């Protein structure tokens, strides 16, 4: 049922009218001010999905985004991402359905330079970072998240590119979820969705739609790869 619903969403996503979305983006207006709000957790704003509260900057990233960052930086997988503890399935071994960008102890993105107030992988940042603060809801309506860069004058070509990226992000994300559904089958029981509790010795199996990995959490050291 979930997979068929996602396939229907994908058909609708691919038919989105980019020009219409771009016009709406231009009406809002946006320019990245490089304040880093999207890189840092906002205690007054959380994302709630099925009663699970994730920090504003717990950013799910696609496998292709991870590879792009690794290629650009030479970093190992767990230097770039950590298991998405906010999207897990309870079972014999806790299962995480993807990755989020690695964060520092204060919750800030690992790639945010606090001293210079900038993203150190800006040219290679994930697609979700490139579309922020704009998103499309299930009905195709434009959602605008809180950001100091909104309501800035925007050129038509910039708005068009933003619209194209937004549709590409939507379709890529749905395709990603479909791949997870197909890879996990009946194991993907949304009634067992939960947030994993970080504690010493926590073993998490991660399936991102392409590959499966197993990581173990150690207090003070974060996740270490056990099997890849």
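Out of all the residues in the range 186-221, which are surrounded by fewer than 15 Cβ atoms within 10 Å (Cβ to Cβ) and in contact with a helix residue (DSSP H, G or I) (Cβ under 9 Å, 6 or more places away or on another chain)?
Correct list: 190, 210, 211, 212.
Take the residues in the range 128-144 that are farther than 13 Å from residue 39 by Cα and without any contact (Cβ under 8 Å) to a residue 60 or more places away in the chain, then tell me which one is surrounded by the most Cβ atoms within 10 Å (Cβ to Cβ).
131
Please indicate, with yes or no, whether at least one residue in the range 173-193 is in contact with a strand residue (DSSP E or B) (Cβ under 7 Å, 6 or more places away or on another chain), under 22 Å from residue 41 (Cα atoms) and not in a helix (DSSP H, G or I).
No: zero hits.
Considering only residues of the range 20-61 that are in a helix (DSSP H, G or I) and under 14 Å from the mean Cα position of the chain (by Cα), which is modelled with the lowest pLDDT?
My answer is 38.
Might you let me know whether the range 108-118 holds any residue that is free of Cβ contacts under 8 Å to residues at least 60 places away in the same chain, under 23 Å from residue 195 (Cβ atoms) and part of a loop (DSSP other than H, G, I, E, B)?
The answer is yes; a qualifying residue exists.
Test residue 67 against the stated conditions and say whether it is modelled with pLDDT of 95 or more and surrounded by 13 or more Cβ atoms within 10 Å (Cβ to Cβ).
So residue 67 fits the description; yes.
Could you tell me which residue of the range 76-127 is modelled with the lowest pLDDT, considering only residues that are touching a strand residue (DSSP E or B) at 6+ places or on another chain (Cβ under 7 Å) and surrounded by fewer than 14 Cβ atoms within 10 Å (Cβ to Cβ)?
The residue in question is 93.
May I ask you to verify whether residue 72 is part of a helix (DSSP H, G or I), over 15 Å from residue 215 (Cα atoms), more than 18 Å from the chain's Cα centre (by Cα) and touching a residue at least 12 places away in the same chain (Cβ under 8 Å)?
Yes; evaluated as a whole, the condition is true for this residue.
The values are calculated or read from the model by the stated rules, or taken from the named source; none is laboratory data. Bear in mind that the values here come from a model prediction, so they are computed numbers and not experimental data. Here the Cβ is made from the backbone with ideal geometry for all residues, glycine too, and neighbour counts use every protein chain on show.
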